[in-house]
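One structure is given below, encoded as structure tokens.
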Amino acid sequence: MPPPSWGISLSDAVVSQSGGLPTSIASANTTTNSVDGSLKVICAWPVSGSYGAGSRVLFYVLVATAVFARKLDWIKSAALSTALPLSASAAVHGIVLAALHRGNAVDMDVYGAFQMCAIGTLVVPLMIKLSRSHEYSTYIGRRIMFMWAGLVLTGLVCLAIEFFRAQTFPCHDDGQGNAISSNSNRFPYGENTTCELVCSENDGPFSPIRIGSANNIYVVPAPRTLTFGAATLVAAGCCIHTVIWMVVMTERFNVRTKSYETNKPISGTNGATKGTMNDVNLMIHIFLSAAAVPVSGCAAVAIIIVGEINFFSNPVNYQAEPLAAIG
């Protein structure tokens, strides 16, 4: 007696599904690998002339002069009077970038603003710790430094938010049917490479601070030297450092001010005065904060090195101002 037809159909179905299962899994794996292994790109405005190589070198020279020539007041004052406004303007720029965020595009000026804000907030406290001048303990000096620190702190917070919100997109072809390699060094830069993204001067995205000759926008690979995630963490760390510095320096400023205001003896002591006790507390504070000097210095040098490597990488350096352009 022949077997039921449903048995044959069931067997055929099982065999068919068993044979098709590896094929389906392989197809799914191929699709997943193509997505995960594809090159990540962004739609970005290039670094503007305000943060070009020449401007950054000028800023580094001013900061280094303020630190190493801190005993010469006229040189230190001249360097600080230029370096501090540069960091402050970069902080304001960071606030504007966060306020005028465009979801599908990244303004590469975030790296330039971050570089100046981070170096400023690391080096200026270092210079104050090493300086023996009392100009920072005056009423006006305290207010100026805290206004500057508060502005830079706000800028760093906005830059951290902007780095966190940056979006990358997978790129499979250049928009004209040509495959794109996952190696960023082989990426075909140019206006014709769109990676199927809406990214051009005519079609957008548009930004009110990128108009006129500065509205050029391109599809470039996502930075790999200093990624958006790493920059977010470093910016957050600089924010924490700035807050701690403001708290510590508040106590130090108060100690210095009081030591000059009174020398009245403290009752119940063997001739000790408030000024003497403040000097002792200040000396203890100097010893406890001695580790902050090499840590801040090494952090600043590390940010400069990594930041410059990132600036001269192909994605960030594309269409950026040359070294000769200052300002």
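The values are calculated or read from the model by the stated rules, or taken from the named source; none is laboratory data. Worth saying up front: this structure is predicted, and the values here are computed from it rather than measured. When we count neighbours, we look across all protein chains shown, and the Cβ atoms used for this are built from the backbone with ideal geometry, even at glycine.
A few comments on the model shown:
- Residue-level analysis places residue 48 among those that are out of contact with any strand residue (DSSP E or B) (no Cβ under 7 Å at 6 or more places or on another chain), more than 27 Å from residue 141 (Cα to Cα), surrounded by fewer than 21 Cβ atoms within 10 Å (Cβ to Cβ) and small (Gly, Ala, Ser).
- Sole exception among (1) surrounded by fewer than 18 Cβ atoms within 10 Å (Cβ to Cβ); (2) of a type in the set (A, V, I, L, M); (3) modelled with pLDDT of 90 or more for residue 63, by number: (1)
- Residue 45 under 30 Å from residue 150 (Cβ atoms) and either in contact with an Asp or Glu (Cβ under 7 Å, 6 or more places away or on another chain) or at pLDDT below 50 (or both): yes
- Only a single item in (1) at pLDDT below 85; (2) surrounded by 14 or more Cβ atoms within 10 Å (Cβ to Cβ); (3) among the acidic types (Asp, Glu) is not met by residue 191, and it is number (2).
- Condition check for residue 120: at pLDDT 90 or above and closer than 19 Å to residue 247 by Cβ: yes
- Against the test of being touching a residue at least 24 places away in the same chain (Cβ under 8 Å) and closer than 30 Å to residue 84 by Cβ, the options 158, 199 yield a single qualifying residue, 158.
- Lone unmet requirement of (1) touching an Asp or Glu at 6+ places or on another chain (Cβ under 9 Å); (2) among the β-branched types (Val, Ile, Thr); (3) at pLDDT 95 or above for residue 106: (3)
- No other residue among 50, 89 is in contact (Cβ under 8 Å) with a residue 40 or more places away in the chain and closer than 24 Å to residue 310 by Cβ apart from 50.
- Tally of residues being among the small types (Gly, Ala, Ser) and either on the phi > 0 side of the Ramachandran plot or part of a helix (DSSP H, G or I) (or both) across region 57-75: 2
- The single condition among (1) under 26 Å from the mean Cα position of the chain (by Cα); (2) at pLDDT below 85; (3) exposed (fewer than 15 other Cβ atoms within 10 Å of the Cβ) that residue 268 does not meet is (1).
A quick yes/no check of all residues on (1) surrounded by fewer than 21 Cβ atoms within 10 Å (Cβ to Cβ); (2) more than 25 Å from residue 204 (Cβ to Cβ); (3) within 16 Å of the chain's Cα centre (by Cα); (4) β-branched (Val, Ile, Thr):
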| position | (1), (2), (3), (4) |
| --- | --- |
| 72 | yes, yes, no, no |
| 82 | yes, yes, no, yes |
| 89 | yes, yes, yes, no |
| 95 | yes, no, yes, yes |
| 103 | yes, no, no, no |
| 111 | no, no, yes, no |
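- Scan region 46-56 for residues that are touching a helix residue (DSSP H, G or I) at 6+ places or on another chain (Cβ under 9 Å) and part of a helix (DSSP H, G or I) and the total you get is 6.
- Long-range neighbours under 6 Å by Cβ, at least six apart or interchain, first residue surrounded by 17 or more Cβ atoms within 10 Å (Cβ to Cβ) within region 163-176, second of a type in the set (Phe, Trp, Tyr): 163/228; 166/228
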